[in-house]
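S.K.: Attaching a single structure in structure tokens format; questions to follow.
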Amino acid sequence: MLDLDWLDGRIGEAWSGAVPDGSHINVVLAKRGSPTAAAAVTALAVPTRGHAPVAVCLGAGNMVRPATIMTNKATAEMELHQRITWGAAQLGIGAGVMDTVDDGTIPAEQAGEIVILVAAWVDPAATDEVRVRRASRDATVRAIRDALAGAPVERVRELAELREAATNAFYGAG
């Protein structure tokens with residue numbers, strides 16, 4: 001069983017797939033009833049143009065447990081990007097959450113006591129719904145595991161060594 005007080009406020013992230021059909025997932029885990037959970041749930045009440053937070057479902061009427069709120073990091077303006085974001089990515093995120101319940105990472109007995117906030121990056125240039133769904137599923141599982149891992153000393157040291165040579169797809173300088 002997870003210590004829900006310890007779990008509250010844990011943050012994780014992961015990338016999966018290949019540009020432009022990959023998925024970058026950030027998660028915040030929260031204990032139901034905590035200020036962290038209230039902040040996550042507030043995301044549902046503040047949609048903006050191109051950013052429509054949703055309660056993650058595996059199809060209508062099948063909201064995943066733990067309750068999971070997804071918001072998109074890239075503004076969804078074009079029809080295809082909207083469909084991939086709120087369709088493929090949402091289904092992948094939902095499957096990923098349920099994978100962590102199925103494998104015991106999140107105990108099924110505690111699923112009703114946990115809220116997950118997911119911020120998902122889906123590239124506006126994405127075109128392959130299947131790849132985005134798969135990438136979102138994998139990245140969600142890995143982000144939840146990352147959140148629960150905390151900050152192992154070995155990983156913190158790896159990141160410290162990486163800092164000078166770090167790159168990403170949005171950085172063009174040498």
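The values are calculated or read from the model by the stated rules, or taken from the named source; none is laboratory data. All of these numbers come straight from a predicted model, not from anything done at the bench. Don't worry about glycine lacking a Cβ; one is built from the backbone with ideal geometry, like all the others, and counts go over all protein chains shown. The protein model used for the area step is the full one, side chains on, heavy atoms only, and it has no ligands, DNA or RNA in it. Shrake-Rupley method; radii C 1.70, N 1.55, O 1.52, S 1.80 Å.
S.K.: Scan the stretch 158-173 and give yes if some residue there is modelled with pLDDT under 95, within 21 Å of V27 (Cβ to Cβ) and part of a helix (DSSP H, G or I), otherwise no.
M.R.: Yes, the stretch 158-173 contains a residue that is modelled with pLDDT under 95, within 21 Å of V27 (Cβ to Cβ) and part of a helix (DSSP H, G or I).
S.K.: Give me the residue from the stretch 124-174 that is among the β-branched types (V, I, T) and in contact (Cβ under 8 Å) with a residue 40 or more places away in the chain and, out of that set, surrounded by the most Cβ atoms within 10 Å (Cβ to Cβ).
M.R.: Once the filter is applied, the top-ranked residue is T140.
S.K.: Another question about this same structure. Output the residue which, of all residues in the stretch 74-89 that are part of a helix (DSSP H, G or I) and β-branched (V, I, T), is surrounded by the most Cβ atoms within 10 Å (Cβ to Cβ).
M.R.: Among those that are part of a helix (DSSP H, G or I) and β-branched (V, I, T), it is T85.
S.K.: Give me the pairs, please: first residue somewhere in the stretch 65-76 and more than 18 Å from R137 (Cβ to Cβ) and among the β-branched types (V, I, T), second residue anywhere and open to solvent by 10 Å² or more (accessible area, probe 1.4 Å) and in a strand (DSSP E or B), beta-carbon distance under 8 Å, and either six or more positions apart or on two chains.
M.R.: Pairs that qualify, where the first residue is more than 18 Å from R137 (Cβ to Cβ) and among the β-branched types (V, I, T) and the partner is open to solvent by 10 Å² or more (accessible area, probe 1.4 Å) and in a strand (DSSP E or B), are T75/H51.
S.K.: In addition: Quick one: would you say T68 is under 17 Å from R134 (Cβ atoms) and β-branched (V, I, T)?
M.R.: Spelling it out, it is not the case that T68 is under 17 Å from R134 (Cβ atoms) and β-branched (V, I, T).
S.K.: Sticking with this one: Scan (1) surrounded by 14 or more Cβ atoms within 10 Å (Cβ to Cβ); (2) more than 17 Å from the chain's Cα centre (by Cα); (3) at pLDDT 95 or above for the single condition G50 breaks and write down its number.
M.R.: Among (1) surrounded by 14 or more Cβ atoms within 10 Å (Cβ to Cβ); (2) more than 17 Å from the chain's Cα centre (by Cα); (3) at pLDDT 95 or above, the lone unmet condition for G50 is (3).
S.K.: Could you go through the stretch 77-85 and let me know if any residue there is of a type in the set (A, V, I, L, M) and touching a strand residue (DSSP E or B) at 6+ places or on another chain (Cβ under 9 Å).
M.R.: No: the stretch 77-85 contains no residue that is of a type in the set (A, V, I, L, M) and touching a strand residue (DSSP E or B) at 6+ places or on another chain (Cβ under 9 Å).
S.K.: Can you spot a residue in the stretch 8-30 that is on the phi > 0 side of the Ramachandran plot, part of a loop (DSSP other than H, G, I, E, B), open to solvent by less than 70 Å² (accessible area, probe 1.4 Å) and out of contact with any strand residue (DSSP E or B) (no Cβ under 9 Å at 6 or more places or on another chain)?
M.R.: Within the stretch 8-30 (the criterion being on the phi > 0 side of the Ramachandran plot, part of a loop (DSSP other than H, G, I, E, B), open to solvent by less than 70 Å² (accessible area, probe 1.4 Å) and out of contact with any strand residue (DSSP E or B) (no Cβ under 9 Å at 6 or more places or on another chain)), the answer is no, since none of the residues qualifies.
S.K.: May I ask you to verify whether T42 is hydroxyl-bearing (S, T, Y) and open to solvent by less than 60 Å² (accessible area, probe 1.4 Å)?
M.R.: no
S.K.: Any residue in the stretch 31-54 that's within 10 Å of T71 (Cβ to Cβ): show its pairings with residues that are among the hydroxyl-bearing types (S, T, Y) at Cβ separation under 6 Å, as long as the two are six or more apart or on different chains.
M.R.: A43/T71; P53/T71
S.K.: Counting only residues that are assigned to a loop (DSSP other than H, G, I, E, B) and aliphatic (A, V, I, L, M), which one in the stretch 47-62 is farthest from K73 (Cα to Cα)?
M.R.: Selected residue: A60.
So that you can scan it fast, the table gives a plain yes or no per residue for (1) within 19 Å of E13 (Cα to Cα); (2) in a helix (DSSP H, G or I); (3) among the hydroxyl-bearing types (S, T, Y); (4) open to solvent by less than 30 Å² (accessible area, probe 1.4 Å):
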| site | (1), (2), (3), (4) |
| --- | --- |
| R65 | no, no, no, no |
| I69 | yes, no, no, yes |
| L91 | yes, yes, no, no |
| V97 | yes, yes, no, yes |
| T100 | yes, yes, yes, yes |
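S.K.: Hey, another quick one. Going by what's in this entry, would A147 be described as under 13 Å from the mean Cα position of the chain (by Cα), among the aliphatic types (A, V, I, L, M) and within 22 Å of T42 (Cα to Cα)?
M.R.: yes
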